[in-house]
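Since every read-out is calculated from the coordinates, none of them should be taken as a lab result. Since the model is a prediction, treat every value here as computed from it, not as a measurement. In this analysis, Cβ positions are derived from the backbone assuming ideal geometry, glycine residues included, and neighbour counts consider all displayed protein chains.
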Amino acid sequence: MSKYIANENRYEKMKYNKVGNSGLKLPAVSLGFWHNFGDNDKYSTMEEMCFTAFDNGITHFDLANNYGPAGGSAEKNFGRIFKEHFKPYRDEMIISTKAGYLMWAGPYGDGGSRKYLTASLNQSLERMGLDYVDIFYHHRMTPETPLEETMCALDQIVKSGKALYAGLSNYDGPTLEKATAILSELKTPFIINQNRYNILDRTIENNGLKATSTKLEKGIICFSPLAQGLLTDRYLNNIPEDSRIKKDGRFLKEKNVTENREALLKLNDIAAARNQTLAEMALAWILKDSDITSVLVGASRPSQILANIKALENTTFTKAELDAIDKLTVRG
Ligand SMILES: NC(=O)c1ccc[n+]([C@@H]2O[C@H](COP(=O)([O-])OP(=O)(O)OC[C@H]3O[C@@H](n4cnc5c(N)ncnc54)[C@H](OP(=O)(O)O)[C@@H]3O)[C@@H](O)[C@H]2O)c1
């Protein structure tokens with residue numbers, strides 16, 4: 001039997017934001033399982049991170065079929081943690097997963113077909129030991145699949161009870177608009193977009209996603225809000241041995257530090273003048289915006305989760321601060 005008993009004060013400090021015009025609320029800070037929950041990671045650290053998150057009001061855990069490595073292992077590890085400790089708290093948790101990237105060989109393990117989405121969610125539920133997920137996302141736009149097919153698959157999945165809400169990830173504004181028209185007609189509870197957004201990556205400001213999502217009254221949860229660790233004190237002086245770059249290096253590379261170091265040092269000075277760490281300021285910068293539902297952080301240790309929640313203490317910026325940040329980071 002689990003020794004874990006959730007902190008009874010867990011809802012006192014976290015802020016909960018409405019997801020667009022839906023009835024659901026998400027914590028302003030959510031926890032993602034993309035890294036550090038795979039087969040090469042330490043199970044006890046994964047457990048501790050889940051405890052720390054939930055004890056501090058982080059009710060939302062975000063997964064995907066392919067998180068690991070190996071693909072599927074983050075869901076499997078989460079399933080074990082859930083079974084051992086979190087079952088009594090299921091109704092206090094929002095668990096999401098996704099399908100859209102390559103998961104298994106052959107024509108049915110990738111993309112946006114009804115075949116792939118339906119089979120993948122069944123596999124995810126099996127790995128996590130869940131009857132349903134709270135949010136099921138199509139993970140990326142797949143122009144080779146008719147949009148209507150993907151949206152009808154999401155609709156069917158929600159109506160089958162295997163997911164409570166539908167989400168779209170990595171869509172752009174025009175495709176979101178078309179997808180929403182189909183989902184509205186079907187009365188599918190599609191409520192949220194998940195996209196990369198941080199001080200260094202303004203794509204959603206430029207591809208119409210942010211404005212369209214706001215216009216359509218959908219939520220936005222921002223992934224990689226710390227640019228995978230660049231927007232923290234992790235790489236200000238060197239590249240630590242226990243960092244994502246040294247331990248993994250598939251997605252974040254030394255050259256990303258070199259290219260951004262000058263801006264990161266100056267951003268760190270702006271943060272210090274606000275009495276914040278760079279990580280706190282980076283998260284606060286996203287959360288200043290009422291269009292945004294939640295920042296979806298990753299972590300390699302519990303202390304990072306606690307540090308990130310501190311961002312909520314000051315999410316107000318002066319125009320001078322915002323201009324200074326833009327001057328360092330908006331290109332072209
Ligand atoms: N939908 C999609 O396509 C998609 C894509 C990517 C991610 N996501 C989701 O978004 C989640 C977060 O993405 P991400 O991991 O890239 O987010 P992130 O928050 O930008 O980066 C997390 C990394 O930053 C470092 N870090 C975090 N807090 C820190 C702190 N307070 N001080 C110093 N370093 C800190 C850690 O790096 P070290 O490991 O070096 O300690 C951590 O692993 C994923 O887990 C996933 O759920 C979704």
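Miscellaneous remarks
- Estimated 222 nm signal from helices in the chain, with DSSP H stretches of n ≥ 4 weighted -39500 (n - 2.57), rounded to 500: -11500 deg cm²/dmol
- Value of relative contact order over region 101-202, rounded to a whole percent, pairs C-alpha under 8 Å and six or more apart: 25 percent
- Full-extension gain in nm, residue 318 to residue 93, via 0.36 nm per residue minus C-alpha separation: 77.5 nm
- Extension gain, residue 2-residue 42: 0.36 nm per intervening residue step, less the Cα-Cα distance, totals 12.6 nm.
- From phi via Karplus (6.51, -1.76, 1.60), per-residue ³J(HN,Hα) for region 54-60 in Hz, x at Gly/Pro: 5, 5, 10, x, 7, 8, 10
- Protection proxy ranking, peptides 249-261, 56-68, average beta carbon neighbours within 10 Å, highest first: 56-68, 249-261
- Summing Cβ point charges (Lys, Arg +1; Asp, Glu -1) relative to the Cα centre of the chain gives a dipole of roughly 80 debye.
- Gap separating the Cα centres of region 278-301 and region 33-50, nearest whole Å: 21 Å
- Long pairs among 255/319; 18/253; 178/327; 187/215; 247/319, criterion Cα-Cα beyond 27 Å: 255/319; 18/253; 178/327; 247/319
- Amide proton proximity set for residue 29, modelled H, under 5 Å, gap of 5+: 15, 295
- Residue among 291, 55, 91 with the largest mean-square fluctuation in a Gaussian network model of the chain, springs linking Cα atoms under 10 Å: 91
- 22 Å Cα-Cα reach of residue 13 towards lysines, excluding residues that sit fewer than 8 places from it in its own chain: 25, 288, 310
- DSSP-defined antiparallel bridges as percent of all bridges, region 1-153, nearest 5: 25 percent
- Short-range pairs are left out: with C-alpha atoms under 8 Å and at least six residues apart, the relative contact order of region 20-124 is 25 percent.
- Considering only 201, 248, 172, the mean-square fluctuation computed in a Gaussian network model of the chain, springs between alpha carbons under 10 angstrom, is largest for 248.
- Seen from every direction in turn and averaged, the convex hull around the alpha carbons of the chain projects onto 16.5 nm².
- Derived scalar couplings ³J(HN,Hα) [region 236-243; Karplus, 6.51 cos²θ - 1.76 cosθ + 1.60; whole Hz; x for Gly, Pro]: 5, 10, 7, 10, x, 4, 8, 8
- Multiplying the residue separation of residue 84 and residue 115 by 0.36 nm and subtracting their alpha-carbon distance yields 8.0 nm.
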